[in-house]
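Notes follow once the structure below has been shown.
The values are calculated or read from the model by the stated rules, or taken from the named source; none is laboratory data. Predicted, not measured: the structure shown is a model, and the values here were computed from it. In this analysis, Cβ positions are derived from the backbone assuming ideal geometry, glycine residues included, and neighbour counts consider all displayed protein chains. Just the protein is used for accessible areas: all its heavy atoms, side chains included, with ligands, DNA and RNA removed. Shrake-Rupley method; radii C 1.70, N 1.55, O 1.52, S 1.80 Å.
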Amino acid sequence: MFIVCLDMEGVLVPEIWIAFSEATGIPELRRTTRDEPDYDKLMRWRLAILKEHGLGLKEIQETIEKIEPMPGAKDFLDELRSIVQVIILSDTFEQFATPLMKKLAWPTIFCNTLESAENGEITGYKMRCEKSKLTTVKALQSIGYDTIASGDSFNDLGMIKASKAGFLFKSTPKIIADNPDIPAYNEYGELLAAIKNAIK
């Protein structure tokens, strides 16, 4: 019994923080988990920048409403879900993910949640669990599933390496070079074929 665990940003949809960086003209917000392995450090840094510029949840959600899935992502996900169970494991937040899940026909997503004040200021965030992607993959394995995982960033490596099969997708040259044992793909057709082969 297989279950596929996919990262969201960079795999199915563009990076939310990069889109918001471009919308606001704040280049510092381009930094993502592709650049910073420590997610807590990255989020504290982001929240400090938002506070400095007086930006909050409303402004980010307005940007997210304009984000479309990557070309081919929905068709890939539709076909994948027709042959195997799929869960999206993301370090993003419910308040960011919901409009994007609608555009992808409501796949299952496990993510985190933001804490915000009445004025929309993001005051903090609550992680679902520590090392959420790896922890979730191990939990799925403990109830009888073989996991197949794919993602693009540092925070995906744990779940990829812990799974029966794992793949990098649309990753960075550095992450690919540092992990030569993990197959790396850039096209949905290639990833779909690799997953199908893994579940034979």
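Tabulated data for the structure shown
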quantity: The stretch 75-102, residues that are part of a helix (DSSP H, G or I) and touching a residue at least 40 places away in the same chain (Cβ under 8 Å); calculated: 75, 76, 77, 79, 80, 83, 96, 97, 100
quantity: Candidates 23, 19, filtered to the one that is within 21 Å of residue 77 (Cβ to Cβ) and either touching a helix residue (DSSP H, G or I) at 6+ places or on another chain (Cβ under 6 Å) or not in a helix (DSSP H, G or I) (or both); calculated: 19
quantity: Leading residue by the ranking (surrounded by the most Cβ atoms within 10 Å (Cβ to Cβ)) among those in the stretch 123-136 that are part of a strand (DSSP E or B) and not basic (Lys, Arg); calculated: 125
quantity: Residue 185, sole failed condition from (1) at pLDDT below 95; (2) farther than 19 Å from residue 2 by Cα; (3) not small (Gly, Ala, Ser); calculated: (1)
quantity: Residue match in the stretch 106-122 (condition: open to solvent by 50 Å² or more (accessible area, probe 1.4 Å) and assigned to a helix (DSSP H, G or I)); calculated: no
quantity: Residues (under 24 Å from residue 102 (Cβ atoms), open to solvent by 30 Å² or more (accessible area, probe 1.4 Å) and among the small types (Gly, Ala, Ser)) located in the stretch 43-91; calculated: 72, 82
quantity: Candidate set: the stretch 26-42, residues that are under 24 Å from residue 169 (Cα atoms) and not in a helix (DSSP H, G or I); chosen: the one least open to solvent (accessible area, probe 1.4 Å); calculated: 32
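Residue-wise test of (1) assigned to a helix (DSSP H, G or I); (2) open to solvent by less than 60 Å² (accessible area, probe 1.4 Å).
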{"position": "138", "(1), (2)": "yes, no"}
{"position": "147", "(1), (2)": "no, yes"}
{"position": "150", "(1), (2)": "no, yes"}
{"position": "156", "(1), (2)": "yes, yes"}
{"position": "166", "(1), (2)": "no, yes"}
{"position": "171", "(1), (2)": "no, yes"}
